[in-house]
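The values are calculated or read from the model by the stated rules, or taken from the named source; none is laboratory data. Keep in mind that this is a model prediction, so the values were computed, not measured. So basically every Cβ, Gly included, is an ideal-geometry build from the backbone, and we count neighbours across all protein chains shown. Accessible surface areas use protein heavy atoms only, side chains included; no ligands, DNA or RNA. Shrake-Rupley method; radii C 1.70, N 1.55, O 1.52, S 1.80 Å.
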Amino acid sequence: MRSQYTKDTLELLLDRVPDYIFYRDLMGRNIYCNESYAKDFIGKPKEEIYGKTYEELDVLKPYVNVARIKDSEVIEKKKPLQYTQTIYLDGVKYTVNIEKYPTFDEDGNIDGILGRIRKISHAEELDKLKEGFFSNIRHEFRTPINMIMSSIQLLENRCEYCGLGDCKDCFIRDIHRIKLNTLRILKISNNFIDLTGLQAGNIEYSPDNYDIVECVESVCNDINNYKKFKNITIIFDTEIEELIISFDKVKLERVLLNLISNAIKFNHKDGIVIVSIIVEGDFVGISVKDTGIGIKEKDLENIFNEFYNVEDRLVKSCEGLGIGLKLTKHLVEMHKGFISVKSSLGKGSEFVVRLPKTIEERVNNVLDKIYYNRLEKIKIEFSDIYE
Ligand code: ADP
């Protein structure tokens with residue numbers, strides 16, 4: 001019954017909460033705190049704490065200034081505030097998450113600050129570090145690579161036209177090697193950024209209605225026209241002429257490039273890669289089949305896991321961090337589709353992406369107008385195939 005919830009009952013309940021909870025007035029005097037705050041954070045009994053500021057209690061000296069600044073911010077803006085801080089309690093280092101909420105009197109004037117301090121667990125802390133680390137990659141890694149790339153392209157163009165005599169061929173070959181390796185690094189950083197972006201829900205799904213047959217066929221043609229890797233021509237086969245469905249073109253092309261580049265990367269010289277389109281009830285299937293090295297039965301279930309690379313790193317013949325398929329699976333699932341794999345060791349593998357045959361109301365995507373350079377994407381995706 002509600003009437004049983006007296007002030008004492010509530011206080012007892014709050015004393016059971018492991019977070020540090022406090023309430024103080026605008027002068028910083030503690031009006032209320034729970035048992036954890038008193039015992040573990042301040043290190044004094046509640047009665048001694050009430051009515052006193054940090055300074056009067058002579059505790060937590062290194063953190064008082066920050067606490068005051070943050071309190072003033074809450075008072076000034078009249079809005080809740082959240083921040084993390086590293087603190088030492090009994091010589092042990094903790095990262096804490098601090099939340100501060102303004103409270104108001106009947107006239108709407110701010111009259112206090114209610115706060116909660118929570119220790120961040122090791123896993124949470126690691127997650128935060130990971131998030132920060134990956135977002136740093138964007139600037140620290142991708143930006144300079146793009147600068148190098150554009151300088152090389154400029155140089156390459158100039159070399160083509162100016163008469164460097166005997167040096168010209170060496171120059172162009174070296175520039176080509178630098179460019180290829182830059183593309184390899186760019187591929188890794190793009191995959192990292194996109195995977196973490198997807199996991200954090202930061203990547204938008206932008207579908208529109210397109211002809212899936214035309215899209216898959218033109219990706220195959222563009223790869224064939226770009227370069228013949230290991231003397232392999234991609235064979236395109238379809239049982240339908242045209243099928244308009246809704247999908248995100250950029251993301252589906254990413255999926256295709258990953259599957260086709262793997263089909264070549266893990267194939268033999270003069271091997272075969274067949275990309276075909278099949279209609280199966282409510283789904284359309286895109287199959288990428290190769291005659292390559294195949295995948296062991298025990299590895300098949302892990303193949304879509306992050307950083308999974310079935311090759312022994314010490315004897316590996318191909319590059320790759322094992323992010324591509326994980327990213328591919330995420331992208332396919334964004335389409336409410338699914339991906340499956342069949343493989344026979346030494347004979348080859350077949351990856352099938354199945355997408356629902358649905359048509360959305362046109363979203364009028366601006367993508368077609370600002371459509372990116374597919375050739376650049378192909379160059380990046382295929383940069384780690386060694387012949
Ligand atoms: P990466 O190619 O960057 O290592 P992926 O996630 O694309 O990463 O692939 C993970 C692993 O799965 C590859 O390293 C390879 O061992 C295996 N694999 C993927 N596709 C094929 C394929 N078509 N044939 C044989 N093995 C494959």
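For the condition closer than 19 Å to PHE104 by Cα, modelled with pLDDT under 95 and assigned by TED's automatic domain parsing to the domain that holds LEU114, what is the one hit in GLU73, GLU11, GLU55, GLU47?
Working: GLU11 fails: closer than 19 Å to PHE104 by Cα; GLU55 fails: closer than 19 Å to PHE104 by Cα; GLU47 fails: closer than 19 Å to PHE104 by Cα.
Within the list GLU73, GLU11, GLU55, GLU47, the selection yields GLU73.
So is LEU252 in contact with a Lys or Arg (Cβ under 7 Å, 6 or more places away or on another chain), buried (at least 20 other Cβ atoms within 10 Å of the Cβ) and within 23 Å of LYS336 (Cβ to Cβ) or not?
Details: in contact with a Lys or Arg (Cβ under 7 Å, 6 or more places away or on another chain): no; buried (at least 20 other Cβ atoms within 10 Å of the Cβ): yes; within 23 Å of LYS336 (Cβ to Cβ): yes.
Against the criterion (in contact with a Lys or Arg (Cβ under 7 Å, 6 or more places away or on another chain), buried (at least 20 other Cβ atoms within 10 Å of the Cβ) and within 23 Å of LYS336 (Cβ to Cβ)), LEU252 does not qualify.
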Task: Criterion violated by LYS78 - all others in (1) modelled with pLDDT under 90; (2) within 27 Å of GLY108 (Cα to Cα); (3) not aliphatic (A, V, I, L, M) satisfied - done: (1)
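If the requirement is being modelled with pLDDT of 95 or more and either of a type in the set (Ser, Thr, Tyr) or touching a helix residue (DSSP H, G or I) at 6+ places or on another chain (Cβ under 7 Å) (or both), which of these qualifies: TYR23, TYR63, TYR5, TYR83?
Values: TYR63 fails: modelled with pLDDT of 95 or more; TYR5 fails: modelled with pLDDT of 95 or more; TYR83 fails: modelled with pLDDT of 95 or more.
Just a single option satisfies the conditions, and that option is TYR23.
Only one residue in ARG313, ARG374 is within 25 Å of the chain's Cα centre (by Cα), open to solvent by less than 70 Å² (accessible area, probe 1.4 Å) and either away from the ligand (no atom under 16 Å from the Cβ) or modelled with pLDDT under 75 (or both), so which one is that? Walk me through how you get there before you give the answer.
Details: ARG313 fails: open to solvent by less than 70 Å² (accessible area, probe 1.4 Å).
Only one candidate qualifies: ARG374.
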Task: Failed criterion for LEU259 (all others in (1) farther than 22 Å from PRO356 by Cα; (2) near the ligand (Cβ under 8 Å from one of its atoms) hold) - done: (1)
- [ ] Taking GLY201 as meeting all but one of (1) surrounded by fewer than 16 Cβ atoms within 10 Å (Cβ to Cβ); (2) within 15 Å of the chain's Cα centre (by Cα); (3) closer than 26 Å to TYR386 by Cα, write down the number of the exception.
- [x] (3)
Open item on the list: So TYR50 ticks every box in (1) under 20 Å from ARG118 (Cβ atoms); (2) more than 40 Å from the chain's Cα centre (by Cα); (3) among the hydroxyl-bearing types (Ser, Thr, Tyr) but one. Which box is left unticked?
Closed with: (1)
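Residue-wise test of (1) among the hydrophobic types (A, V, I, L, M, F, W, C); (2) at pLDDT 95 or above; (3) assigned by TED's automatic domain parsing to the domain that holds GLU350; (4) surrounded by 21 or more Cβ atoms within 10 Å (Cβ to Cβ).
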position: ILE235; (1), (2), (3), (4): yes, yes, yes, no
position: ILE240; (1), (2), (3), (4): yes, yes, yes, no
position: ASP248; (1), (2), (3), (4): no, no, yes, yes
position: ILE260; (1), (2), (3), (4): yes, yes, yes, yes
position: ASN267; (1), (2), (3), (4): no, yes, yes, yes
position: SER276; (1), (2), (3), (4): no, yes, yes, no
position: ASP282; (1), (2), (3), (4): no, no, yes, no
position: ASP290; (1), (2), (3), (4): no, yes, yes, yes
position: ILE295; (1), (2), (3), (4): yes, no, yes, no
TODO: Please give the helices (runs of 4 or more DSSP H) falling wholly within region 1-59 in which 2 or more residues are among the hydrophobic types (A, V, I, L, M, F, W, C).
DONE: 7-15
TODO: Identify, by number, the condition in (1) within 12 Å of the ligand (Cβ to nearest atom); (2) modelled with pLDDT of 95 or more; (3) under 25 Å from the mean Cα position of the chain (by Cα); (4) of a type outside the set (Lys, Arg) that ILE323 doesn't meet.
DONE: (2)
- [ ] Examine region 84-93 for a residue that is closer than 18 Å to GLY112 by Cβ and open to solvent by 50 Å² or more (accessible area, probe 1.4 Å), and state whether such a residue exists.
- [x] no
Task: Hits in region 276-303 (condition: small (Gly, Ala, Ser) and within 13 Å of the ligand (Cβ to nearest atom)) - done: SER287, GLY292, GLY294
Open item on the list: Return the pair list, or none, for Cβ contacts closer than 6 Å from residues in region 326-354 that are modelled with pLDDT of 95 or more to residues that are in a loop (DSSP other than H, G, I, E, B) and more than 9 Å from the ligand (Cβ to nearest atom), at least 6 apart or on different chains.
Closed with: GLY348/THR291; ARG354/GLY337
